[in-house]
Amino acid sequence: MGCDIQTLQRNARGPGLTARRLLIRRATPRDAGLLADHRAAVWQETADWDPSDLDVQRAIWTSFFADCLAATTYVAFVAEDGSGVVGSGGLLVHLAIPRPGLASDRAGRVQSVYVMPAARRRGIARAIMERIIGYAREAALITLVLRPSPMGRSLYTGLGFAESGELQLRFTRA
């Protein structure tokens, strides 16, 4: 998938917000540290983790993202505007049992869609998600799942995501 430039004029709202050109590009292993920082920000905002715990985890996530981006088992997109990086989001691609009528043996889990606080409410998360969904369709993934924050739920339902009734057993904190 090539780079995509969108004008967010239709999403510019409120005082001081102007239309900006937005570049959504596919992340590379060089973006692993940035993706780890954004994942830590998501965890800090949604789960109120201690920053010192997240500092330790950042190194683990950076290594994970670098390896998985190179192997394409994690596919991520980075959003940039004239001020620099304003957001990112990723897709963990994993094996799945093929379903009747579908040849694919892959499914995806959307992970860590994050937009910098100063850049929110401008359609950036939607633009990132549209790229993730486009990639998932091109890759013929069976399904996409995610765990939305309360803030993001309406975005995801507006894109067609619905409750799936899955249950989960956790072995660690949050």
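Our estimate of slack between residue 140 and residue 21, defined as 0.36 nm per intervening residue step minus the Cα-Cα distance, is 39.9 nm. When only the Cβ of Lys, Arg, Asp and Glu is charged (+1, +1, -1, -1), the dipole of the chain relative to its Cα centre reaches about 560 debye. Among 38, 94, the ranking by other beta carbons within 10 Å of each residue's beta carbon, starting with the fewest, stands as 94, 38. Which part of segment 126-148 falls in the paramagnetic zone of residue 46, meaning amide N under 11 Å from the point 7 Å along Cα-to-beta-carbon? Those under the cut-off are 146-148.
Helix content alone sets the calculated 222 nm mean residue ellipticity of the chain: runs of n ≥ 4 DSSP H residues at -39500 (n - 2.57) each, divided across all residues, give -11000 deg cm²/dmol. Comparing segment 39-80 with the 2.2 N^0.38 Å rule of thumb, its C-alpha radius of gyration ratio is 1.30 (two decimals).
Ranking 154, 141, 165 by how far each Cα lies toward the positive end of the dipole of segment 85-174 (charges on Cβ) leaves 154 at the top. Where does the Debye-calculated log10 I(q)/I(0) of segment 68-174 sit at q = 0.22 Å⁻¹, using only Cα point scatterers of equal weight, no solvent? Each listed q maps to, in turn, -1.31. By its C-alpha gyration tensor, with a ≥ b ≥ c as the square roots of the eigenvalues, how is segment 4-158 shaped: rounded for a/c under 1.5, else prolate for a/b larger than b/c, else oblate? It comes out oblate by the Cα gyration axes.
Sorting 26, 131, 153 from the fewest to the most surrounding beta carbons within 10 angstrom yields 153, 26, 131. Prolate is the label for segment 79-120, because the ratio a/c of its alpha-carbon gyration tensor axes (a ≥ b ≥ c) is 1.5 or higher and a/b is greater than b/c.
A short reminder: the numbers here are calculations on the coordinates, not readings from a lab. What you are looking at is a predicted structure, and each value in this text was computed from that prediction instead of being measured. Neighbour counts are summed over all protein chains in view; Cβ atoms, including those assigned to glycine, are modelled from backbone coordinates with ideal geometry.
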